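Each remark here refers to the structure printed beneath this line.
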Amino acid sequence: MNTHGIWAIYRFEMARALRTLWQSLVTPVITTSLYFVVFGGAIGSRMQEVGGVGYGSFIVPGLIMLSLLTQSIGNASIGIYFPKFTGTIYELLSAPISAMEMVIGYVGAAATKSVVLGLIILATAAFFVDLRIEHPLAMLAFLILTSVAFSLFGFIIGVWAKGFEQLNFVPALLITPLTFLGGAFYSIDMLPQPWRTVSLFNPVVYLVSGFRWSFFGQGDVDVVWSLAFTAGFLGVCLGVIAWIFKSGYRLKN
């Protein structure tokens, strides 16, 4: 394995994040703090508990997941899109580095940034609410697995996109609404039928529920289904990326 090539891509992507530190870390933390002020203060004062958990604490996993999904997709998509945009992608494709090694470099950097951001948001939340994490290892596993899976998805979007409009289309018009409707700020058990059943077709429900289970030992769906969905989504993304490099889709033409 070409570890030097992987490290070069990884280091370059991490250096880019440090150059845009305000956008990469500070802005999401400020946004999360505003969520706590608005949702935790305004709604939390009227909704004391959800399933025996204080509302301010209840929304923490949803807030982290919201940032995790959007940042994983954004970091990975922009990482591979810029080489396409500038034409340097051909240098990468002709370099002595395999497709798998290239993906490890880009996706590894994007996932690292997302995990760090998630942990920073978790630390920020501790200033606003009392937190308990019943299953810390499961929490880290969900954090890493989700970051890697959606960084792979972001890599696919970066290859697919022909312009900045398409690059922002999926996170802005698909992922963020699905997260808001996926139980990030409420339990789907609070919904009447048939909306609760309809919510089960939202894939983000399984991510948020599994992550919330790692905090409080309870979720809207069984944690096994959450793990199965996340692992399945990761496998599908790997399959799509393998096809992209095999066919050269929007890379070589």
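Taken together, the values in this text are just the output of simple stated rules run on the coordinates, not laboratory data. Here the structure is a predicted model, which means the values were calculated and not measured. Don't worry about glycine lacking a Cβ; one is built from the backbone with ideal geometry, like all the others, and counts go over all protein chains shown.
Table for the structure above
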| read-out | value |
| --- | --- |
| Among Leu152, Ser214, Met190 the positive-end extreme of the charge dipole of the chain (Cβ point charges) | Leu152 |
| Listed residues Gln218, Gln166, Gln71, most fluctuating in the chain (Gaussian network, C-alpha, under 10 Å) | Gln166 |
| Separation of alpha-carbon centers, the stretch 144-178 and the stretch 57-115, rounded to whole Å | 9 Å |
| Point-charge dipole on Cβ atoms (K/R +1, D/E -1) for the stretch 3-247, about Cα centre, debye to 20 | 440 debye |
| Amide hydrogen neighbours beyond the local backbone of Ala184, cut-off 5 Å, H modeled | none |
| The chain - percent relative contact order, Cα under 8 Å, separation 6 or more | 26 percent |
| Backbone HN-Hα couplings from phi across the stretch 185-198 [Karplus 6.51/-1.76/1.60, Hz, Gly and Pro as x] | 10, 7, 8, 5, 5, 7, 7, x, 6, x, 5, 5, 5, 4 |
| Net lengthening on full extension, Glu49/Ile144 (0.36 nm per residue, minus Cα-Cα) | 31.4 nm |
| 10 Å binning of all Cα-Cα separations within the chain, expressed as whole percents from 0 upward | 7, 31, 34, 20, 8, 1 |
| Cα gyration tensor category, rounded, prolate or oblate, for the stretch 64-166 with a/c compared to 1.5 | prolate |
| Protection proxy ranking of 235-241, 219-225 - average other beta-carbon atoms within 10 Å, highest first | 219-225, 235-241 |
| Hydrodynamic radius of the stretch 111-156 per Kirkwood, over alpha carbon pairs, in Å | 11.5 Å |
| Table column - 3J(HN,Hα) (Hz), the stretch 4-9, Karplus curve with 6.51, -1.76, 1.60, x for Gly and Pro | 5, x, 4, 5, 5, 5 |
| In Hz, Karplus ³J(HN,Hα) per residue of the stretch 121-128 (6.51, -1.76, 1.60; θ = phi - 60°; x = Gly, Pro) | 5, 4, 5, 5, 4, 5, 7, 9 |
